[in-house]
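Working notes, beginning with the structure itself.
Readers should treat all values here as calculations from the given coordinates under stated rules, not as data from a laboratory. Because the structure is predicted, anything quoted here is derived from the model rather than measured. No Cβ is skipped: glycine too gets one built from the backbone with ideal geometry, and neighbour counts run over all protein chains shown.
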Amino acid sequence: MTVCTTIAECREHRGKLDRAALVPTMGALHAGHLSLIDIARKRAPHVIVSIFVNPTQFGPKEDFFKYPRPLEEDLAKCNAAGVDLVFNPSVEEMYPKGALADAAAEQVHLDIPPLTGMLEGRIRPNHFKGVCQVVAKLFNIVQPNVACFGQKDYQQLRVLSAMAAALNWPIEIVTCPTVREPDGMAMSSRNQYLSDAERQRALSISRGLFAARDEFDKGVRQTNRLIATVQNILLNAGTQGRVPLLIDYVAAVDAITLKNVELISAPTVLAVAARVGKVRLIDNVILTP
């Protein structure tokens, strides 16, 4: 496995590979990331993983400086998973400062307002500008044939798919299923921040989504009923009531347009974002008639 820390190195080593799949990550790799690598390997003979905690997608009060960075463990996991190339640049490498042209380049952003103005975009202004900026850079540096993203970050997946299509990048965007813990919690690098009590409280997120999905499977198509089911489970803390949970949103949106849906007649994403203690978590299920 080759590890590159500069753009020039990455391009040089990428040029030695033929068809390749990219798995963009911010590190702190878990089984969910490893499942993306497994899927990437089935799509291309070579797998490239980027490990970069991107500052432009974090808000001023978010956890950029506290975000876990266990690089040696991440590299060991990539090596064991058969990754060919890891791109691990510094912030200065990705966002150089000094020259006027470089300073101006920092201000270049991509955005798709019809897909970024709701859900995460409403709660985290400019988040998707940062996501699109860094992924566009990665696409241009790595030149992948395939890029793999997890369904847990569904809005991100939809935005990046639209960006690739709009800019005519010849990249296949692959949707990878959410990987869950045995108790149903969606895997996330931020789960490690949770105390035992907070983790039990956070289980209400997946339980609420699964309960709504069960209702959908029994024939319920009105999204206000499904949303109410999720909200009731989130707010009915039971014995975990001492652990605070703040709902950012529970929404049912069209899987393509991300517009709110009242009556489900096409694939619909039922999405939740909530804060358990100081940890913000997201999850979703896709309901297909």
Expressed as a fraction of 2.2 N^0.38 Å, the rule-of-thumb size for a compact globular protein of N residues, what is the C-alpha radius of gyration of the chain? 1.02
Fewest to most Cβ atoms within 10 Å: Cys10, Cys4 sort as Cys4, Cys10
FRET efficiency for Asn79 and Glu181, using Cβ-Cβ distance with R0 set to 22 Å, rounded to 0.05: 0.35
Could you work out [θ]222 nm for the chain from helices alone, using -39500 (n - 2.57) per DSSP H run of at least four and dividing by all its residues? Round to the nearest 500 deg cm²/dmol. -11500 deg cm²/dmol
Dipole of the chain, positive end: most advanced residue of Pro114, Gly27, Ser265 [Cβ charges, Cα centre]: Ser265
Cys residues of the chain counted as unpaired, since no other Cys beta-carbon is under 4.7 Å: Cys78, Cys132, Cys148, Cys176
Can you say what percent of the DSSP beta bridges in the chain, counting only those with both residues inside, are antiparallel? Round to 5. 50 percent
With Val230 itself left out, Lys, Arg at +1 and Asp, Glu at -1 over residues whose Cβ is under 13 Å from its Cβ give -1
Semi-axes of the equivalent ellipsoid of region 189-284: what are they in whole Å, largest first, if each equals the square root of 5 times a C-alpha gyration tensor eigenvalue? 25, 14, 10
Given 0.36 nm per residue, what is the gain on full extension from Asn168 to Ile256 after removing their alpha carbon distance, in nm? 29.8 nm
Gain in length, Asp63 to Thr288, computed as 0.36 nm per residue apart minus the alpha-carbon separation, to one decimal in nm? 77.5 nm
By how many nm would the segment from Ala8 to Asp214 grow when fully extended, if each residue of separation counts as 0.36 nm and the alpha-carbon distance is taken off? 69.1 nm
Compute the separation of the alpha-carbon centres of region 31-71 and region 220-280 and state it in Å as a whole number. 26 Å
Starting with the fewest neighbours, write out Thr116, Thr178, Thr5, Thr25 ranked by other beta-carbon atoms found within 10 Å of each beta-carbon. Thr5, Thr178, Thr25, Thr116
Please give the net charge around Val250, taking every other residue with its beta carbon less than 15 angstrom from that of Val250, where Lys and Arg add +1 and Asp and Glu add -1. +1
For region 1-118 the translational diffusion coefficient, Stokes-Einstein from a Kirkwood Rh over Cα pairs at 10 °C and viscosity 1.306 mPa s, in µm²/s, is roughly 100 µm²/s
How high is the relative contact order of the chain, in percent, with contacts defined as C-alpha pairs under 8 Å that are six or more residues apart? 17 percent
Per DSSP loop assignment and a cutoff of at most 12 other beta carbons within 10 Å, the chain keeps its longest run without exposed trypsin sites (Lys or Arg not before Pro) at 98-217
Counting pairs on different chains as well as pairs 8 or more places apart, how many Lys pairs in region 1-126 have Cα atoms under 26 Å apart? 6
When the convex hull of its Cα atoms is projected in every direction, mean area for region 30-185 (nm²): 10.4 nm²
Exposure proxy check: Ser204, Ser189, Ser265 ranked by fewest other beta carbons within 10 Å? Ser265, Ser189, Ser204
